[in-house]
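This report concerns only the one structure given below.
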Amino acid sequence: MEFFRNTNIDFLGKKWYFLAFSLIFSVAGLFSMLFWHHIPWGVDFRGGTLVYVKFSHTPDDNAIRAEMDRAGLRNFKIQRYGVPSNNEELIDLDVRETSEQALDLGKLKIIQALETAAPAGKTDLNNASNLTIKSYLIDKDPLHLGSDADQKYGAQAQAILDYRDKVQGGVLNSPDQLQSAPGVDPAVVAVLPDGFYLSDFGIRNVDIIGPQVGSQLRTQAGLATLYSLLGMLVYLGFRFEWIYGIAAVVTVFHDTLITVGAFSLTNTDISLTVIAAILTLIGYSNNDTIVVFDRIRENIKLMRREKLSDIVNRSINQTLSRTILTAGLTFLTVLALFLFGGEVLRGFSLALVIGILIGTYSSIAIAAPILVAYQDWRIEKGKRPVAMPGKAR
């Protein structure tokens, strides 16, 4: 199957347009990383506290930000996660301590920020612990248990939490919902409104990643990228010529710079899944580049009298249909993942969408012109051009 037959596009004749395009986006991304948003490392890399919040209604991100600003919280990030109908938000706090107290601190900060109309003297049942509910019931003793109160009311408190968290998804809308809760005595339900009220949210979970772990992950991610580039350089240097390997590495560096720059410009977190996507794109872009290089090497043997620029142009045109077909199908797949994959996969799919576009473009517009530019430079210096004829393997 071919989309194009006998194309004769002068790609090298448009190399200055390609260079201008690459420079604009590379420099913009570089400036953003150096002076504006910097590299927006996710919590996996910089450390921090993740607070998972469930709401009883569709959350308003702007209202949440305003409430957190009023509470004096800074450097936080908010994003939806899960199925939209679940009304769940992930709040990333800049709290990097790893103690047990830090877990409670992150939860307490969110509760204090979002509880804007708490009745005096009452506790939020949607964010109350087993101990808090049990202590209240022991004090009220609605079942008149006497000495057996601790165990019995502990079981009642756990039944309330199980119904709230496992049946109602973490948020109760009305105390009357507890009337149908298994194991909860009606007398217990009757006394709860005296000491508790219901907010419109509940803290589902709190996770902490320490800064030391984040620093190690950053180092490992950088080394993984570096090793992959070095491996490609060695392979292509052996398989073709060293200039081919250098051209491929420069191309992959170009792709990575623009992809990371796009994340910096849009201030989108770079998580572990994004790094995985970037490493995937390094291989994907290199695969496209090798296809073009291999056709160039074959045509060099067949067209010894032709200029290298003409050979490169013909090679790109001959592989254009294959490039568009494979890249186009892959792009449609990752675009669907980006549009319908949800917030959890948003960073991963965004990196793939950008990377596939840039990787396909660079295999045609960056890698091949580097070969021609290098040969022209050697000819000007009076040296033998290394790009032709092709090496026999």
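Read-outs throughout are calculated quantities, based only on the coordinates presented, and are distinct from any laboratory measurement. For clarity, every value in this text was computed on a predicted model and none was experimentally measured. Neighbour counts run over all protein chains shown; Cβ positions are idealised from the backbone, glycine included.
To two decimal places, what compactness ratio does the range 1-158 give when its Cα radius of gyration is scaled by 2.2 N^0.38 Å?
Values: Rg = 26.7 Å, N = 158, 2.2 N^0.38 = 15.1 Å.
The value comes to 1.77.
List the aspartates and glutamates whose alpha-carbon lies under 15 Å from that of K15, not counting same-chain residues fewer than 8 positions away?
Reachable aspartates and glutamates: D310, D376.
Can you work out the Karplus-derived ³J(HN,Hα) for every residue in the range 42-58? Use 6.51 cos²θ - 1.76 cosθ + 1.60 with θ = phi - 60°, whole Hz, and x for glycine or proline.
After applying 6.51 cos²θ - 1.76 cosθ + 1.60, I find x, 5, 4, 9, 9, x, x, 10, 9, 10, 9, 10, 10, 10, 7, 9, 5 Hz.
Would you calculate, for the chain, the mean residue ellipticity at 222 nm contributed by helices, counting each DSSP H stretch of 4 or more residues as -39,500 (n - 2.57) and dividing by all residues, to the nearest 500? Each step should come with its number before you reach the end.
On the way: 13 runs with 232 residues, N = 393.
Dividing the helical sum by the residues of the chain leaves -20000 deg cm²/dmol.
For the range 178-195 and the range 281-312, what is the separation of their Cα centres, given in Å?
If we compute the Cα centre of each part, the gap is 75 Å.
Taking K54 as the anchor, which aspartates and glutamates have their alpha carbon closer than 12 Å to its alpha carbon, excluding any fewer than eight residues away along the same chain?
Partners found: E88, E89, D165, D200.
Report the Cα centroid-to-centroid distance between the range 231-258 and the range 125-154 in angstrom, as an integer.
So the two Cα centres are separated by 68 Å.
Within 10 Å of each residue's Cβ, count the other Cβ atoms and sort H254, H37 from fewest upward.
On the way: H254 21, H37 14.
Exposure proxy ranking, most exposed first: H37, H254.
Residue by residue through the range 281-286, which ³J(HN,Hα) values in whole Hz follow from phi under the Karplus form 6.51 cos²θ - 1.76 cosθ + 1.60 (θ = phi - 60°), with glycine and proline marked x?
5, 4, x, 5, 4, 5
Compactness ratio of the chain: Cα Rg over 2.2 N^0.38 Å, N = residue count?
On the way: Rg = 29.9 Å, N = 393, 2.2 N^0.38 = 21.3 Å.
Ratio of Cα Rg to 2.2 N^0.38 Å: 1.40.
Which lysines does K381 reach when only Cα atoms under 18 Å apart count, and residues fewer than 8 places away in its own chain are ignored?
K381 reaches K307.
Hey, what do the phi angles of the range 107-112 turn into as Karplus ³J(HN,Hα) couplings, whole Hz, using 6.51/-1.76/1.60 and θ = phi - 60°, x for Gly and Pro?
Using θ = phi - 60°, the values come out as 5, 5, 4, 5, 4, 5 Hz.
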